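As structure tokens, the structure follows; a few thoughts come after it.
Please treat every number below as a calculation from the coordinates, not as lab data. None of these values were measured; they are calculated from a predicted model. A quick note on method: Cβ atoms are made from the backbone with ideal geometry, for glycine too, and the neighbour counts reach across all protein chains shown.
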Amino acid sequence: MCGRFAIGAPAEEIGFRFDVEPPEDSPEPNWNVAPTDPATIILDQGAGRHMASAKWGFPFSKRSGVAINARIETATEKWMFKTAARWHRCIVPASGWYEWTTAQDGKDPHHIAGDTEITALAGLYQQDSDDLRFTILTISAIESLSGIHHRMPVVILDQHIDTWLNPNNSTAIEQAEIIDSANNVEFTHHRVSREVNKVTNQGPHLARPIPTL
């Protein structure tokens with residue numbers, strides 16, 4: 001489960017990281033991205049990779065709410081995700097993401113980050129008449145993170161980005177060397193302030209560690 005993430009980099013920095021030109025309407029840095037919020041994604045719709053703003057979550061057809069995550073193990077089988085899994089994959093740039101553990105007096109958020117300033121999370125996108133939307137793919141957490149949560153976002157290494165985004169490659173989501181990229185990443189994690197729990201709170205301090213006993 002990835003229910004909140006951070007992207008503290010400005011559009012220009014994201015553009016440099018992924019070799020794309022940022023559009024004028026790029027979202028501002030957001031240290032507390034919540035479901036339905038706009039965020040930057042990187043995609044290729046047949047004319048090369050580019051950057052766009054999209055809302056987080058695929059809307060359900062028969063009930064309210066959105067699907068913010070898709071299990072990579074079953075994405076090609078689920079009606080909501082199977083077309084996107086084959087043809088509409090994207091990258092979700094993130095400074096890190098948040099997961100929660102349970103304490104006696106509430107929920108403690110943890111910030112998890114990869115070994116680069118901006119991590120390439122694997123996503124799917126869909127376009128309808130009104131909105132561009134995305135969801136984040138998840139996989140079983142690696143051992144070092146499993147004590148926080150049993151799932152984690154799929155991470156795409158730089159050498160696999162073009163293959164992952166290629167709209168003519170229907171099998172990229174099934175290629176183990178791509179989806180197992182997290183095994184080659186050194187992740188860090190630490191407790192952060194419960195300010196993260198309120199979606200309207202913002203600022204880089206949200207991702208900073210808090211003192212622990």
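Which value in Å is the Kirkwood Rh of the chain over different Cα pairs?
For the chain, inverting the mean 1/r across all distinct Cα pairs yields 17.3 Å.
With charges only on Cβ, +1 for K and R and -1 for D and E, what is the dipole size of region 5-207 about its Cα centre, in debye, rounded to 20?
Numbers: 16 positive and 27 negative charges, 187 e Å.
About 900 debye.
Quick one: if you stick a label point 7 Å off each Cα along the C-beta vector at D162 and H150, how many nm between them?
Calculated label separation equals 3.9 nm.
By count of other Cβ within 10 Å, fewest leading, how are F5, F60 ordered?
Listed from fewest to most nearby Cβ atoms, that is F60, F5.
How do 80-88, 141-149 rank on mean C-beta neighbours within 10 Å, highest first? Could the numbers behind the result be given before it?
On the way: 80-88: 18.4, 141-149: 14.6.
Peptide ranking by packing, descending: 80-88, 141-149.
When D158, D37 are ordered from fewest to most other Cβ atoms inside 10 Å of their Cβ, what list results? Walk me through the intermediate numbers first.
Details: D158 11, D37 16.
Final ranking by Cβ density, sparse to dense: D158, D37.
Got a sec? Charge dipole of the chain, +1 on Cβ for Lys and Arg, -1 for Asp and Glu; which of A94, P22, G106 is way out at the positive end?
Positive-most Cα among the choices belongs to G106.
Taking springs between alpha-carbon atoms closer than 10 angstrom, which of R71, R133, R194 fluctuates most in the Gaussian network model of the chain?
Top of the fluctuation ranking is R194.
Taking 0.36 nm per residue of separation and subtracting the Cα-Cα distance, what length does fully extending D128 through N201 add?
Full extension from D128 to N201 adds 23.3 nm.
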